[in-house]
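One structure is given below, encoded as structure tokens.
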Amino acid sequence: MRAMRLHAAGRPLALDEVPPPEPGPGEVRIRVGACGVCRTDLHLVEGDLPLRRSPLIPGHQIVGVVDALGPGVKAPEAGVRVGVAWLRHACGACDLCRRGLENLCPDATFNGWSEDGGYAEFAVAPADFIYPLPPGLTDIQAAPLLCAGIIGYRSLRLAGVQPGDTVGLFGFGASAHLALQVALHWGCRVFAFSRGQAHRQLALALGAAWAGSGDPPAPLDAAVTFAPAGAVIPQALACMRPGATLAVNAIHLDVVPAMDYGLLYRERAVRSVCNATRRDGEEFLRLAAEIPIHAETEVLPLEEANEALRRVRDGTVHGAAVLVP
Ligand SMILES: [Zn+2]
Ligand SMILES: [Zn+2]
């Protein structure tokens, strides 16, 4: 099969011809129809996250059809379309897993990081950690939901968003444009913060009440940052009402700058968002079908993964980038 593989951080992905993976016990093999491109993939390529294996096939927003079952797998059957997300496996037995926090399991593994992912024609994943997909969505439409969508949903939840709230989204890329649709569905008013003109236009077109980079027209009841820069944290706090929570959706951030305690005082809270649970995935995918969420996508052939990553880095993707083998 063809696969785009990372041989060393800081180098572009190489188009390699490799044998298709065989599903091990408890795993299924998927013929990949589409794979979303996430900023986390860029962090791996640029060396912000340490490589766990090399060479590595990145990609953790995989949509495809099950085409082979490993030993012991009863479901899903071959031919069923499924989605694969970031969390590949969690132990299920540790204190965090038993508290419903499998996203924080110390033994958790991740698709396209701990094991090969979906920048390829085939991928394997544990059958217990894949998702059935709503029939109405195309492969390309479904792919960005699997990380950008799920993690955006978890971020809104951790920010304590309530129906009718005024919600701030800082940085407007793949994840924010999906979170915006969830927040609107909950009857919220959404303010989108971005310096990019194209991103602001997209936010307004999708229903944001305001888009800009300065002071918003009203204080925020909840906010999520999507930008991979610590400087956005004090900027966001300065826009938030007392008692509001800021969820920081970033797997990698440079430095959180020193800030005046007055930005945090009056019970404002800051919390990070780390991975997502299967429950987040199931809830969000159900919600996505119900709303229904429409992902804005730019589709590139698998071989152009490096170009897709460059555009994620430059912030020039309209919505989410999706690779098609
Ligand atoms: Zn665990
Ligand atoms: Zn991701």
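Structure data summary
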read-out	value
DSSP bridge pairs, segment 150-273: antiparallel proportion in percent, nearest 5	0 percent
Translational diffusion coefficient (Stokes-Einstein; Kirkwood radius from C-alpha pairs) of the chain at 10 °C, 1.306 mPa s, in µm²/s	80 µm²/s
Kirkwood hydrodynamic radius over Cα pairs of segment 115-181, then Stokes diffusion coefficient at 10 °C and 1.306 mPa s, in µm²/s	113 µm²/s
Share, in percent, of DSSP beta bridges within the chain that are antiparallel, nearest 5	50 percent
Accessible surface of residue 261 - all protein chains present, 1.4 Å probe, nearest 10 Å²	150 Å²
Estimated D of segment 120-242 in µm² per second, where Rh is the Kirkwood radius over Cα pairs and Stokes-Einstein applies at 20 °C, 1.002 mPa s	140 µm²/s
Helical contribution to [θ] at 222 nm, DSSP H n ≥ 4, -39,500 (n - 2.57), averaged over the chain, rounded to 500	-6500 deg cm²/dmol
Sequence-separation-based contact order of segment 150-273, relative, with Cα cut under 8 Å and 6+ spacing, percent	26 percent
Charged-residue dipole, Cβ positions (Lys, Arg, Asp, Glu), segment 133-236 about Cα centre, Debye nearest 20	60 debye
20 Å cut-off, amide nitrogen to a point 7 angstrom out along residue 11 Cα→Cβ, residues in segment 301-315	303-310
Solvent-accessible surface (1.4 angstrom probe) belonging to residue 140, in square angstrom, nearest 10	50 Å²
Charge dipole (debye, nearest 20) of the chain; +1 at Cβ of Lys and Arg, -1 at Cβ of Asp and Glu	620 debye
Share of carbon and sulfur in the accessible heavy-atom surface of the chain [1.4 Å probe, %]	52 percent
Sorted peptide list for 41-50, 58-67, criterion being average Cβ within 10 angstrom, highest first	58-67, 41-50
Solvent-accessible area per residue, Å², over segment 196-266 with all protein chains present [probe radius 1.4 Å]	48 Å²
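The values are calculated or read from the model by the stated rules, or taken from the named source; none is laboratory data. Computed from a predicted structure; not experimentally measured. In this analysis, Cβ positions are derived from the backbone assuming ideal geometry, glycine residues included, and neighbour counts consider all displayed protein chains. Accessible surface areas use protein heavy atoms only, side chains included; no ligands, DNA or RNA. Shrake-Rupley method; radii C 1.70, N 1.55, O 1.52, S 1.80 Å.
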